[in-house]
Amino acid sequence: MRPFVYSTPLQMPSFARPRLIAALCLLTVAACGEAPRAELAAEEPAETSVTDSVRLDAANGDRVGTETMESVPVSASGPVTTLPPNEYGRIPIVEYHLVVDEDGSYAVSRERFRAELDTLYARGYRPIGLGELLDKRIDLPAGTSPVHFVFDDASPSQFRYLEQGGQLVVDPTSALGIWLDFAKGKPEWRHRGSFCLLSGAEAGRSFFGNKGIEGQESAWRFRKLAHLDSLGFELCNHTLWHARLDKYDDAFVQEQIARGELAIDSAMPGYRVRGFALPLGMWPKNKPLAWGGAWTDPKSQRTVRYAYDAVFEVAGGPARSPHDPQFNPRSLPRIPLGRGMPLYPTLRTLEKEGAGGRYVSDGNPNTVAGQAP
Ligand SMILES: [Zn+2]
């Protein structure tokens, strides 16, 4: 099987990835490095002009012009594609890290994030949950396509609270705030996606901020997880503090993953975590430990076990349909977005029929439309 089109610098064969990622991460230790310690760049909630009219991809200057918009038919459930139903087609899993003032390595600007939501919606994409993907429960209107959103590293830029009149409100300039505003009046744009969490990293990467970093109180952390869950988003593990799992022994690997799991359980007792994102996309030497393992807390003697249905890679292009016999949820490719890592070229490669083209729903969850690969 030919590898999928490598349309961004990170979508290259796995043997070439670690060096490139390491090079990128030298530039952005705070965003994706191990045990982030670098101070965050000052990130004052800036005035943003996020409006429905923003259609500029800050990364590549690509516009979704009037022509494209007019060619997208609009039904009761919003815009749809004219491609035929194809439920064996590919599904983009888009990967966001920081959502801040400007694009950077592992960062997108707020305007760009909003524009990418706009573009996906206009092209007929609709958010689905990880569980829906894994369990083949993709129930979308005919002519629309699934997209799974993943937010890595649990930075305040993704989910900040503001105190207003004694209440905590979602900062409209955080990714969640932008999302909630975008989704207003669009019931078909459901709150679905995975937040892959760090619970004990520095620089505020501890359940979206602690110790006053970016104004975030440590006491708000568990509440944020419950808030995401109540909206419909899913919680995903991303280890305790982002250790490069390829560098450590089996016991350490399991401790990093299990303590991330334990922290989520502390916030949301009994929550079933189905997804795990590999820090920097690096597998442990003992690969199966990414899928399941156990660690015993030496203090409490409590054993924490973990078992994941899905493991997210850091790159690799659009994912196969769960109906494709080669669908492998234990190694799910993603589309990382940041400076030099645009979304639109990947979407363009999907505008075709067949197993390499985009998944297009037939509107009937009980049938699988299209040609099996
Ligand atoms: Zn990460």
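The values are calculated or read from the model by the stated rules, or taken from the named source; none is laboratory data. From a predicted model like this one, the values you see are computed outputs, not experimental measurements. Neighbour counts are summed over all protein chains in view; Cβ atoms, including those assigned to glycine, are modelled from backbone coordinates with ideal geometry. Calculation scope for accessible area: heavy atoms of the full protein, side chains included, ligands and nucleic acids excluded. Shrake-Rupley method; radii C 1.70, N 1.55, O 1.52, S 1.80 Å.
Annotations
- Of all residues in region 108-156 being touching a Gly at 6+ places or on another chain (Cβ under 9 Å) and of a type in the set (S, T, N, Q), the one that is nearest to the ligand (Cβ to nearest atom): Ser155
- If you check Ala243, Ala290, Ala263 for being open to solvent by less than 40 Å² (accessible area, probe 1.4 Å), closer than 22 Å to Asn328 by Cα and within 16 Å of the ligand (Cβ to nearest atom), only one passes: Ala290.
- Residue check, Ala183 open to solvent by less than 40 Å² (accessible area, probe 1.4 Å) and free of Cβ contacts under 8 Å to residues at least 24 places away in the same chain: yes
- Exactly one residue among Ala258, Ala294, Ala251 is at pLDDT 95 or above and closer than 23 Å to Val150 by Cβ, and that residue is Ala258.
- Selection from region 328-373 of residues that are among the hydrophobic types (A, V, I, L, M, F, W, C) and in contact with a helix residue (DSSP H, G or I) (Cβ under 9 Å, 6 or more places away or on another chain): Leu332, Ile335, Leu337, Leu343, Leu347
- Reported count of residues in region 143-171, each being surrounded by 21 or more Cβ atoms within 10 Å (Cβ to Cβ), over 30 Å from Tyr88 (Cα atoms) and of a type in the set (Gly, Ala, Ser), is 3.
- Check on Pro269, within 13 Å of the ligand (Cβ to nearest atom) and within 23 Å of Leu134 (Cβ to Cβ): no
- Count - residues of region 246-260 that are buried (at least 16 other Cβ atoms within 10 Å of the Cβ) and of a type in the set (Lys, Arg): 1
- Residues within region 170-213 that are part of a loop (DSSP other than H, G, I, E, B) and either away from the ligand (no atom under 16 Å from the Cβ) or among the acidic types (Asp, Glu) (or both), tallied: 17
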